[in-house]
Amino acid sequence: MEISIVIPVYNKAEYIGHCLKGLLQQDFSSFEVICVCDGSTDNSTEICDEWAAREERIHVVHKDNGGVTAARRRGVEEASGRYILFVDADDELLPNALQTLYDAIERTQADEVVGTFRLHSGEQSSVVYTGLAAPETLIRTIITGKNHFPILWGCIFRKEILENTLDTPREIIEGEDKMMQVKVLIKQPKVYFIDDCVYQYTAGLPNNRHHTLEREKLYDDILREVLAPRWDLFQSAYVLHQLKEYERFIAEGNNEVRTSYYQQVIKSLPAGIPLYDRMVWLLPPFLARPLISLYRWAIRHKR
């Protein structure tokens, strides 16, 4: 078996059938699909079981609800393929994607190959990198929220490189994919980018995520621990990550986070922090908020 496709499934009855249909139409033969049914309360599990009964390449794992990272970890544990792909149940792998990604990782002998993607509306992502990319550059880009390339889906991983990268606690329900990728990249893998569009992402679906300070504190602690072996390289990017989350809180009207957390952990700004972020940090929240709004408007207008 060459490729294992891992799909965490939680309350995606409306989408999972279409997702699986697209996978089975791939023109690559040596692959399996592992649907990890994570305690859904709709009929997602029954739909997966029906597909598995008809198609031997589909395997279904049933488990109590434990969150998306635990579901992905269980899928990797069950996988028999040399390479791993992650697909979300409400997304779609585009035609010829498996063959394209497989050929690229075999040809380059990389640990990870990253393609491009399109939105379900048809909008194509930009080509950010082509060829080999330095893990240090990718880490900085990811933790500061400046990545415009796939983080987890749209990528093919050598299975061994995923060891000990899918252990983020279930309390982290936002940015867990970025954390996993940073844990991969801190190992100094060989990462290769291709400009082929391999994945369709369904944007704008409702979710129950809430931006809370408790979760951000936990995320910061875990990220700090992951980066610790190379802290000299990533301290500035880590602080910028904290500043971006601070800006998000201020934009939401949560001024209290400044004194209750961020002033305690950001005592001074290291070199490399952009002028805009320095200004937001130096201003009181009631003055920083309109600056953040203006900056975001300018970014949207530019795009």
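The values are calculated or read from the model by the stated rules, or taken from the named source; none is laboratory data. A quick note: this is a predicted structure, and the numbers were derived from the prediction, not measured. Here the Cβ is made from the backbone with ideal geometry for all residues, glycine too, and neighbour counts use every protein chain on show. Just the protein is used for accessible areas: all its heavy atoms, side chains included, with ligands, DNA and RNA removed. Shrake-Rupley method; radii C 1.70, N 1.55, O 1.52, S 1.80 Å.
Descriptive notes on the structure:
- Alpha carbon centroid spacing (whole Å) that separates the stretch 77-130 from the stretch 225-286: 33 Å
- Within the stretch 136-171, trypsin sites (Lys or Arg not before Pro) in DSSP loop having at most 15 other beta-carbon neighbours inside 10 Å: 146, 170
- Given charges at Cβ of Lys, Arg, Asp, Glu: the chain dipole, positive-most of 76, 231, 168: 231
- Among 276, 129, 192, the largest mean-square fluctuation in a Gaussian network model of the chain, built with springs joining Cα atoms closer than 10 Å, belongs to 276.
- Ellipticity estimate at 222 nm from DSSP helix runs (n ≥ 4, -39,500 (n - 2.57)) divided over the chain, nearest 500: -13000 deg cm²/dmol
- Disulfide-incompatible cysteines by the Cβ rule (no partner under 4.7 Å) in the chain: 19, 37, 155, 197
- Karplus 3J(HN,Hα) series, Hz, for the stretch 213-227 with 6.51 cos²θ - 1.76 cosθ + 1.60 (x for Gly, Pro): 5, 4, 5, 5, 4, 4, 4, 4, 4, 5, 4, 4, 5, 5, 7
- Rounded to the nearest 5, the antiparallel percentage of DSSP beta bridges internal to the chain is 35%.
- For the stretch 99-160, GluC sites (Glu not before Pro) meeting the loop criterion (DSSP other than H, G, I, E, B) and having at most 10 other Cβ atoms within 10 Å: 123.
- Cα gyration tensor shape of the stretch 1-145, rounded if a/c is under 1.5, else prolate or oblate by comparing a/b with b/c: prolate
- Label-to-label distance, nm, for residues given as residue 170 and residue 282 (7 Å Cα→Cβ offset): 4.6 nm
- Solvent-accessible surface (1.4 Å probe) assigned to residue 28 amounts to roughly 20 Å².
- Extension gain, residue 25-residue 119: 0.36 nm per intervening residue step, less the Cα-Cα distance, totals 31.9 nm.
- Remark: the residue 209-residue 132 segment gains 24.3 nm on full extension, using 0.36 nm per residue and subtracting the alpha carbon distance.
- Positive-pole candidate from 113, 218, 39, dipole of the chain, charges at beta carbon: 218
- Note that the stretch 206-254 presents 51 Å² accessible area per residue, ligands and nucleic acids not counted, probe 1.4 Å.
- Within the listed set 60, 198, 257, the residue fluctuating most in the Gaussian network model of the chain (springs between alpha-carbon atoms under 10 angstrom) is 257.
- Modelled FRET efficiency - R0 45 Å, residue 50 with residue 82, Cβ distances, 0.05 increments: 0.95
- Rounded to the nearest 20 debye, dipole of the stretch 211-302 from Cβ charges on Lys, Arg, Asp, Glu: 360 debye
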